[in-house]
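Enquirer: The following block contains the structure, expressed as structure tokens.
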Amino acid sequence: MRDKTPESKRWFWQAVQDLDDAKFNLSGKRYNVACFLAQQSAEKALKAYLLQKGAEEVWGHSTSELCKDAESFDEAFKTIASEASSLDKYYIPTRYPNALPGGIPSTAFDESDANRAISLAEKVIDFIKSKLGEL
């Protein structure tokens, strides 16, 4: 079997960068973008874990579904499932006006949304880092 470590590292370090970019957007009051990047961060960290564990296919954007996939390798992922799942709501509505009942994403999300999304993503990344060890 091919060593998945290099690809897993690429996904994990992009997850870390996305989290940093989320914080940067928070500081610039681009709350919808911060929320989206927080979701992306957790998604990519979950994909890094799955790749490292040898998952044959890693598809999709749902942090909830990716967390369920990760449970097949380690049941401890049930402990962060709710945090990861909460990030799914930031995938589409933060970017597309037709995903909202009215208004536009840049005005629909606020500082508390961005802080919550970033906090949740940090929990997911920290959890995965504890599972993968030093990358």
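Bear in mind these aren't lab numbers, they're just calculated from the coordinates by the rules spelled out. None of the values given here were measured: they were computed from a predicted structure.
Enquirer: Going by Cα centres, the range 42-73 and the range 76-93 are how many Å apart?
Expert: When both Cα centres are located, 12 Å separates them.
Enquirer: Now for a separate question. Mean Kyte-Doolittle of at least -0.5 and a Cα length of 20 Å or more along the axis: which whole DSSP H helices of the chain meet both? Before the final figure, lay out the partial values.
Expert: Numbers: long enough: 5-27 (33 Å, -0.93); 31-52 (32 Å, 0.23); 111-132 (31 Å, -0.12).
The qualifying helices are 31-52, 111-132.
Enquirer: Considering all projection directions equally, how large on average is the shadow of the alpha-carbon convex hull of the chain, in square nanometres? Write down the numbers at each step before the final one.
Expert: Numbers: hull surface 31.5 nm².
With every direction weighted equally, the projected area is 7.9 nm².
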